[in-house]
Amino acid sequence: QIVKLGLPTAFERITLSAGQMVITALATGMGSIMLAAHQLATTAESICYMPCYGFSVAATTLVAQAIGADEKKLAKTYSLVCIRYGVLAMVASAVLMYIFAPKMIWLFIRDAAVISVGAAMLRIEAFAEPCVAVTNVICGALKGGGDTRWPFYISIIGMWIVRLSMAVAAIKIFGAGLEGIWVPMAIDWAVRMIICIY
């Protein structure tokens, strides 16, 4: 049972980390300003993810307890409540991220060009934050219910089929800048959310 639950989770993390390495390689090819803006925007955005990760852990714990007690209706209720609070927290986080995007990048660097590009990327991603919340909390609930395979499948679809294919096409074929990475990232989260809800 440990292997059955643990291996898909391990492969999920490997899939996402490997995808991030490819994304970073794409950003590296754009020059030092773009790479710095990408890395700092990624760091700033990860701070905004914290509330949703909290509700994801809560969903995992509460759903697992309810399933263990053979209370399936309660497990569903816990899932829905965690999703609701996770989305509310991330909407608030997204609004703050959109408004204070330049200040968030400014905390890390004083270069005006990097701040401008990094803030623009954060503002693109702000619109995807509710999708991030729904995806992470539902994946947490699925894991609490003993399903670690679907979060793994969803990570492959989102990262490798949607995000990376779109990013490579946008940059290599259409000559897009850093938005060629961040717009597909937002679309990736929307696709993952739809699959998770299903």
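The values are calculated or read from the model by the stated rules, or taken from the named source; none is laboratory data. Note that the structure is predicted; figures quoted are calculated from it, not measured. Counting neighbours? That spans all protein chains shown, and the Cβs are built from the backbone with ideal geometry, glycine included. Accessible surface is based on the protein model in full, side chains and every heavy atom, while ligands, DNA and RNA are left aside. Shrake-Rupley method; radii C 1.70, N 1.55, O 1.52, S 1.80 Å.
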#### Entry: Residues being open to solvent by 10 Å² or more (accessible area, probe 1.4 Å), in contact (Cβ under 8 Å) with a residue 12 or more places away in the chain and in a loop (DSSP other than H, G, I, E, B) - total across the stretch 174-188
1
### Subset tally (residues that are assigned to a helix (DSSP H, G or I) and open to solvent by 40 Å² or more (accessible area, probe 1.4 Å)) for the stretch 131-151
4
### Those residues of the stretch 153-177 which are more than 24 Å from Thr9 (Cβ to Cβ) and charged (D, E, K, R), in sequence order
Lys172
### Task
Could you tell me which numbered condition Asp70 fails, if it satisfies all but one of (1) touching a residue at least 24 places away in the same chain (Cβ under 8 Å); (2) not in a helix (DSSP H, G or I)?
(1)
## Note on the structure
Inside the stretch 152-173, the number of residues satisfying the requirement of being over 27 Å from Leu88 (Cβ atoms) and either crowded, with 22+ Cβ neighbours inside 10 Å or not charged (D, E, K, R) (or both) is 14
### Query
Restricting attention to the stretch 67-107, which residues are touching a Lys or Arg at 6+ places or on another chain (Cβ under 7 Å) and open to solvent by less than 30 Å² (accessible area, probe 1.4 Å)?
Ala101
### Message
Going through Ile14, Ile47, Ile23, Ile33 one at a time, which residue ends up being modelled with pLDDT under 95, part of a helix (DSSP H, G or I) and among the β-branched types (Val, Ile, Thr)?
### Response
Ile47
### Query
Any residue at all in the stretch 119-128 that is acidic (Asp, Glu) and open to solvent by less than 50 Å² (accessible area, probe 1.4 Å)?
yes
### Task
Within the stretch 147-171, work out how many residues are in contact with a helix residue (DSSP H, G or I) (Cβ under 7 Å, 6 or more places away or on another chain) and either of a type in the set (Ser, Thr, Tyr) or modelled with pLDDT under 95 (or both).
2
### Task
Would you tally the residues in the stretch 6-17 being touching a residue at least 24 places away in the same chain (Cβ under 8 Å) and open to solvent by less than 70 Å² (accessible area, probe 1.4 Å)?
6
